[in-house]
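The values are calculated or read from the model by the stated rules, or taken from the named source; none is laboratory data. Because the structure is a prediction, the values reported are computed rather than measured. All Cβ positions, even for glycine, are placed from backbone atoms using ideal geometry, and neighbour counts span all protein chains on display.
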Amino acid sequence: MKLALTAVFVKNMEKSRAFYSGILGLEEHMDSGVHLSYTSGFSLWQEDAALATIGLAKTPAETGNRFELCFESEDLDADFARAVSGGVEVISPVQEQPWGQKVFRVYDPDRHIVEVAEPLEMTVKRFTAAGMSPQEISDKTTIPLDIVKHMAG
């Protein structure tokens with residue numbers, strides 16, 4: 001078994017499309033009106049259509065903000081600026097996490113938590129350029145030493 005697709009239920013498809021396609025710049029794959037998939041395997045599903053298909057009357061009240069959607073970007077500053085200029089609600093600006101990776105977090109239109117992070121390979125290369133040894137990088141990031149050495153090139 002393998003994960004084939006992740007679909008999030010959205011209340012307003014156009015607002016969500018503007019966020020994921022416009023602000024985050026995800027590449028659209030297929031649009032059926034109530035379901036929009038992206039080439040990454042992520043998708044949006046209009047909540048009322050999703051609930052009718054699944055056979056639920058409503059989304060349980062206790063759901064929400066129990067997971068984080070994580071995307072990678074090689075240009076965090078530009079992506080963060082685009083999010084801010086698009087009026088997105090910011091949870092945290094671009095900042096380094098305790099393990100060294102730079103990320104920012106925002107809410108999508110349905111208040112799903114969205115993280116945008118530099119790829120870990122960029123983190124390793126940034127630390128290497130700053131003069132850290134592979135062992136120091138492994139200790140900081142918790143990435144196994146052999147993988148750090150591979151990522152550092």
Checklist entry - Hey, does segment 52-59 have a residue that's crowded, with 17+ Cβ neighbours inside 10 Å and not hydroxyl-bearing (Ser, Thr, Tyr)? => result no
Checklist outcome for this item: Sole miss for residue 122 among (1) in contact (Cβ under 8 Å) with a residue 24 or more places away in the chain; (2) outside any helix (DSSP H, G or I) is condition (2)
Checklist entry - If you go through segment 35-51, how many residues are of a type in the set (A, V, I, L, M) and either at pLDDT 95 or above or loosely packed, with under 13 Cβ neighbours inside 10 Å (or both)? => result 2
Next on the checklist: Take residue 28 and tell me if it is within 30 Å of residue 136 (Cβ to Cβ), charged (D, E, K, R), surrounded by 12 or more Cβ atoms within 10 Å (Cβ to Cβ) and at pLDDT 90 or above.
Outcome noted: no
Checklist entry - Taking segment 120-153 as the search range and keeping residues that are in contact with a Ser or Thr (Cβ under 6 Å, 6 or more places away or on another chain) and surrounded by fewer than 17 Cβ atoms within 10 Å (Cβ to Cβ), which one is modelled with the highest pLDDT? => result 145
Checklist entry - So which residues in segment 125-153 are without any contact (Cβ under 8 Å) to a residue 12 or more places away in the chain, outside any helix (DSSP H, G or I) and farther than 18 Å from residue 96 by Cα? => result 133, 144
